[in-house]
Amino acid sequence: MLDKEHATQFLQSVEQAGGKGIMLRDINAPYRGGRSSRLLKITSAHDAECTVIVHYPGKGKYQHFLGALTCKNEHGCFRIGSGFTHKGLPRFATYLHSY
């Protein structure tokens with residue numbers, strides 16, 4: 001049986017090896033492709049503060065919306081280009097180091 005401490009240790013070992021997370025499956029559930037309420041994805045949340053230094057407009061169907069941001073923090077400048085709500089708020093924002 002897997003407990004929270006074991007899952008946390010396993011997650012850390014997977015991340016140290018370059019993985020992004022782990023999936024836990026109900027052992028009594030038959031295998032099924034796609035999304036399932038019998039699967040649980042576990043990843044570490046990495047959070048940091050930054051200052052927005054450039055706003056970019058959206059393109060295509062996102063015209064009139066926020067498209068992307070260039071931000072700066074103690075690690076340097078990076079661009080956030082997805083994960084915004086339709087009101088331009090970050091929600092599970094992802095970023096790409098561009099500098």
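Laboratory data are not the source of any read-out in this text; all were calculated from the coordinates shown. Everything numeric here is computed off the predicted structure, so don't read it as measured data. All Cβ positions, glycine included, derive from the backbone under ideal geometry; neighbour counts span all protein chains shown.
Observations, loosely collected:
- Taking amide H positions as modeled 1.01 Å from N, with prolines and chain starts lacking one, the residues under 5 Å from Phe84 and 5 or more places away or on another chain are Arg91.
- Cα gyration tensor shape of the chain, rounded if a/c is under 1.5, else prolate or oblate by comparing a/b with b/c: oblate
- Fewest-first ranking of Phe10, Phe78, using other Cβ atoms within 10 Å as the exposure measure: Phe10, Phe78
- Peptide packing: for 48-56, 27-35, the average count of neighbouring Cβ atoms within 10 Å per residue gives the ranking 48-56, 27-35, highest mean first.
- Using alpha-carbon coordinates, inclination of helix 4-16 to the longest axis of the chain, degrees: 50 degrees
- Förster radius 41 Å - calculated FRET efficiency between Ala7 and Cys77, Cβ distance, rounded to 0.05: 0.70
- Unsatisfied cross-links (Cα-Cα over 20 Å) in the set Lys20/Lys59; Lys61/Lys87; Lys4/Lys41; Lys59/Lys87: Lys20/Lys59
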